[in-house]
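K.L.:
Handing you this structure, nothing more for now.
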Amino acid sequence: MIKCIIFDLDGTIGNTLPLCIAAFKKSIEPLAGRTLSDREIIDTFGPSEEGTVRALIPDHFDEGIEDYIKYYSDLHVMCEAPFDGIIEVLEFAKNRNVHLAMVTGKGERSTEITLSVYGIRSYFEIIETGSPKGPRKVQGIMNVLEQLRISPKESLYVGDAPSDIMAAREAKVPIIAAAWADTADKEQLQALRPDWLFSSVEEFKQYIEQVC
């Protein structure tokens, strides 16, 4: 029986990756004095957005962060709601007394903006956000399990990126690859052999209803 589901945010709960890229371009390009490609931005992911700003415009760090948060909030109309079916999954799990947590690479401020826009902050007992120094999802997952006193085998991690699969494996938590976002690379995810891979939220929902 599953006692805890830990979620990634971008590309898992909502289609927020295009929003992130748009906000980075709006905030960083004027300060960098040049155009940035999507790939150039994505290649900095792993650390929180502070890490991206530091990597791309280290001389304008403070201004870059504040501009990013402003544009991230202003542009959230690009993605006003989570993926269809996600709230139903959260509600079902909550009603079954399953613990819900979030471990994301996003910074705390942007995470709170998205959870507020989506109206889902109250579902999550514990939220572990990213670090500007580098990826910390393994530590975040382990922190959640320690605080809830739940074993890895009684938990699930749900994420859309290859790095999510690797982090969950290192934390010894079964991994569900979320391949329902347009930004997910299904073949790349399958190649890493996650415990489960779902191409739609509906498939994921059906599975959760069986194991919770």
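K.L.:
Please compute the length gained on full extension between Glu170 and Glu125, using 0.36 nm multiplied by the number of residues separating them and subtracting their Cα-Cα distance.
P.N.:
13.9 nm
K.L.:
Also, quick follow-up: Arg39 versus Arg193, label points 7 Å from Cα toward the beta carbon: distance in nm?
P.N.:
3.0
K.L.:
Sticking with this one: Helix-derived [θ] at 222 nm for the chain: sum -39500 (n - 2.57) over DSSP H runs of at least 4, divide by residue count, nearest 500?
P.N.:
So the calculated ellipticity at 222 nm is -14000 deg cm²/dmol.
K.L.:
Right, another one. What trypsin sites (Lys or Arg not before Pro) does segment 4-69 have in DSSP loop regions with at most 11 other beta carbons within 10 Å?
P.N.:
Details: sites: Lys25, Lys26, Arg34, Arg39, Arg54; in loops: Arg34.
Those that pass, being in a loop and sparsely packed, are Arg34.
K.L.:
Please find the FRET efficiency linking Ser200 to Glu154, where r is the Cβ-Cβ separation and R0 is fixed at 22 Å, and quote it to the nearest 0.05.
P.N.:
0.30
K.L.:
Shifting gears a bit: Non-local amide H neighbours of Phe83 (under 5 Å, H modeled in plane, Pro and chain starts lacking H): which ones?
P.N.:
Gly14, Asn15
K.L.:
Going through segment 58-125, which GluC sites (Glu not before Pro) have at most 10 other Cβ atoms within 10 Å and a DSSP loop state?
P.N.:
Filter output for segment 58-125: Glu80.
K.L.:
Extension gain Leu31-Lys70, at 0.36 nm per residue separation less the Cα-Cα distance, in nm?
P.N.:
12.6 nm
K.L.:
Calculate, in nm to one decimal, what Asn95 and Lys186 gain on full extension: separation in residues at 0.36 nm each, minus their alpha carbon distance.
P.N.:
Contour length minus the Cα-Cα distance gives 29.7 nm.
Bear in mind that the values in this text are calculations on the coordinates, not laboratory data. These figures come from a predicted structure and were not determined experimentally. Don't worry about glycine lacking a Cβ; one is built from the backbone with ideal geometry, like all the others, and counts go over all protein chains shown.
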